[in-house]
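Worksheet for the structure shown next.
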Amino acid sequence: MTPSILVINTGNTSSKIAVFSGHKALWTETIRHDDDDLRTYPDINAQKEYRQQLINQTLKKRAVSISTLTAVAARGGLLKPLKSGTYRVNEAMLSDLCEGKRGIHASHLSAQIGHTIAQKAGISCFVVDPISVDELDDVARYTGHPLFEREVLSHALNMKAVAKRHCAEQKLSYPDQKLIVVHLGTGISLSVHQGGRMIDIMNPSEEGAFSLDRAGGLPCLQVAKYVLEKQMDYKSFRKMVFGQGGLFAYLGTTDFLKVLDEIKANNTQYISVVGAMAYQIAKEIGALATVVSGQLDAILFTGGMAHSEYLVDLIAKRTRFLAKIFTYPGEDEMEALAYGVLRALNGEEDALEYE
């Protein structure tokens with residue numbers, strides 16, 4: 001019997017769900033969340049019931065009974081450093097996601113909601129290639145002070161899936177290619193791939209370019225002075241730079257479609273801020289190119305904002321000298337989640353346990 005898999009992928013401004021029959025997506029739906037609705041909740045965890053209710057309503061509308069499901073696939077979050085693979089959601093994982101030791105992210109709701117649905121259906125919930133996938137070379141772990149080490153957090157699921165998709169479509173061997181993948185989502189991740197591994201990344205939580213709601217890399221001395229003078233606790237500061245930073249801090253919105261409308265209306269403030277974001281992304285691409293001594297085979301753009309030719313062109317004009325550019329708008333995350341769970345269900349790879 002062909003497995004039926006419910007896929008759940010919660011992002012900052014949307015919740016995406018799909019049902020797959022084997023490798024075939026029967027349907028996919030994106031539930032959009034308005035900024036004003038989300039502001040009524042004090043944190044991500046508080047949004048669980050709100051988002052779960054909307055997901056249940058969508059399943060009812062689509063006439064999907066959870067009794068017909070074989071498994072649930074959920075997007076992974078800011079977990080412990082993990083090797084690439086498919087992990088069964090367990091109490092240890094749920095505890096870490098709720099507590100958010102490595103930070104709070106909207107993706108944490110995917111496994112929480114997925115686990116609740118799976119329990120009711122008497123099936124298992126899994127995550128695939130979570131944000132904390134760590135394949136870095138040792139040299140990439142240094143920061144500049146022995147008390148601190150880089151945290152490896154990225155949109156690993158989509159970046160790995162897009163890199164493999166590109167190689168399959170171009171009839172290339174993924175391990176033989178040297179690629180930079182740029183995920184243009186609410187958070188912006190970059191990764192450089194060599195030998196089938198992401199050997200270095202840009203962590204959108206605290207490094208590099210700012211994005212829709214994240215401040216990216218900030219001047220550390222100015223930050224330390226500000227936090228001390230304002231006597232801020234860690235949670236308050238983190239919310240300021242992760243969730244209320246980036247374009248949101250400058251423009252008051254995380255809705256990039258609204259931002260593009262303002263740009264079309266020749267709003268100079270919006271043009272300047274988006275131009276600065278593109279400038280910073282281009283700089284990070286240049287930095288990662290040095291990791292492979294500039295010997296790149298391609299630069300791949302993906303994520304929701306990759307639908308914007310305006311943004312991609314701003315970045316490409318500064319980076320196309322490095323390698324040929326390919327654009328894969330949106331995400332392959334839903335397929336990647338479903339396929340990872342299918343491999344575990346079919347015995348092609350072992351389902352891993354989170355400890």
Gain in span if fully extended, Y226 to N45, counting 0.36 nm per residue against the direct Cα distance
62.4 nm
Taking a ≥ b ≥ c as the square roots of the eigenvalues of the Cα gyration tensor of the chain, is the shape rounded (a/c under 1.5), prolate (a/b larger than b/c) or oblate?
rounded
Grab the range 138-323 and count how many Lys pairs have their alpha-carbon atoms under 23 Å apart, sequence gap of 8 or more, or different chains.
12
Pop the C-beta distance of R88 and N56 into the FRET formula with R0 = 22 Å and round what comes out to the nearest 0.05.
0.45
Which order results if K160, K83 are arranged by neighbouring Cβ count within 10 Å, fewest first?
K83, K160
Mean ellipticity per residue at 222 nm, deg cm²/dmol - from DSSP H runs of n ≥ 4 across the chain, formula -39500 (n - 2.57)
-11500 deg cm²/dmol
Under a cut-off of 14 Å between alpha-carbon atoms, report the aspartates and glutamates in cross-link reach of K16, not counting same-chain residues fewer than 8 places apart.
E29, E331, D332, E333, E335
Semi-axes of the range 1-74's equivalent ellipsoid from the Cα gyration tensor, sqrt of 5 times each eigenvalue, largest first, rounded to whole Å?
25, 11, 11
If each K or R counts +1 and each D or E counts -1, the residues other than L59 whose Cβ falls under 12 Å of its Cβ total +3
Shape of the range 138-323 from its Cα gyration tensor (a ≥ b ≥ c, root eigenvalues): rounded if a/c is under 1.5, otherwise prolate when a/b > b/c, or oblate?
oblate
What net charge is computed for the residues neighbouring L260, neighbours being all others with C-beta under 13 Å from the C-beta of L260, Lys and Arg scored +1, Asp and Glu -1?
-3
Taking the chain and dividing mean pair separation by its residue count, relative contact order in percent (alpha carbons under 8 Å, at least six apart):
18
Global form of the range 281-333, assessed from the alpha-carbon gyration tensor, a/c cut-off 1.5
prolate
Among the DSSP H helices of the chain, those whose Cα atoms extend at least 24 Å along the helix axis and whose mean Kyte-Doolittle hydropathy is 0.5 or higher are 268-289
Roughly how far apart, in whole Å, are the Cα centres of the range 224-275 and the range 53-88?
31
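Only the coordinates and a few stated rules stand behind these numbers; no lab work does. Everything numeric in this text was worked out from a predicted model, so none of it was measured. Methodologically, a virtual Cβ is constructed for each residue, glycine included, from the backbone with ideal geometry; neighbour enumeration extends over all protein chains shown.
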